[in-house]
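Encoded as structure tokens, the structure appears first; notes follow it.
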Amino acid sequence: MLRARLRAGIGWSDACILNVSSRGLMINSTTAAGQQMGSMIEVRHGEYVIVAEVVWRSGTRAGLRSEERVPVEEIMALSSAPSLQLNASQWPAIERRMEPRSYEDSRLRSRAMEFAGITIVAISLAMGVLAMVEQAFAAPLATVERALDG
């Protein structure tokens, strides 16, 4: 029983490899159980990536047929490692991305866009108020100007 990561569709999930042969494998995973027969699945174990087609499923188990030869000896060599356990334990927290995301840049960028938006709205409102004040004082000032010229 070997731990593996399974990609079916657009999501990743955990799986256990129960049996390995040169052209396929049997896995135990709730994600694989939900896949249609004939759908493609990617299984990752250590540095090995196996792309395979679901050929049968029964409960949470599924049989996969690989497109290429499966490196059985290399995969089994990994299984003889002393860290292999037959009981369930916590999955190691492995960062799968090359660089962790920095949310600080996104936060600063969004704050700058919010500030620019508020500034544009404030300038627009100020210009509207200026136009209303100018229009409100235009008639009385015209009357005063005519009275002073006359």
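The values are calculated or read from the model by the stated rules, or taken from the named source; none is laboratory data. Here the structure is a predicted model, which is why all the values come from computation and not from measurement. Cβ atoms come from the backbone with ideal geometry, glycine included; neighbour counts cover every protein chain shown. To get the accessible areas, we keep the full protein, side chains included, count just its heavy atoms, and leave off ligands, DNA and RNA. Shrake-Rupley method; radii C 1.70, N 1.55, O 1.52, S 1.80 Å.
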TODO: Go through (1) surrounded by 12 or more Cβ atoms within 10 Å (Cβ to Cβ); (2) not in a loop (DSSP other than H, G, I, E, B) and name the single condition V70 misses.
DONE: (2)
Task: region 1-48: number of residues that are touching a Ser or Thr at 6+ places or on another chain (Cβ under 9 Å), more than 19 Å from P71 (Cα to Cα), among the small types (G, A, S) and surrounded by fewer than 20 Cβ atoms within 10 Å (Cβ to Cβ) - done: 4
Task: All positions within region 40-64 that are more than 26 Å from the chain's Cα centre (by Cα) and of a type in the set (D, E, K, R) - done: R57, R61
TODO: Of the numbered conditions (1) open to solvent by less than 100 Å² (accessible area, probe 1.4 Å); (2) at pLDDT below 60, P82 fails exactly one; give the number of that condition.
DONE: (1)
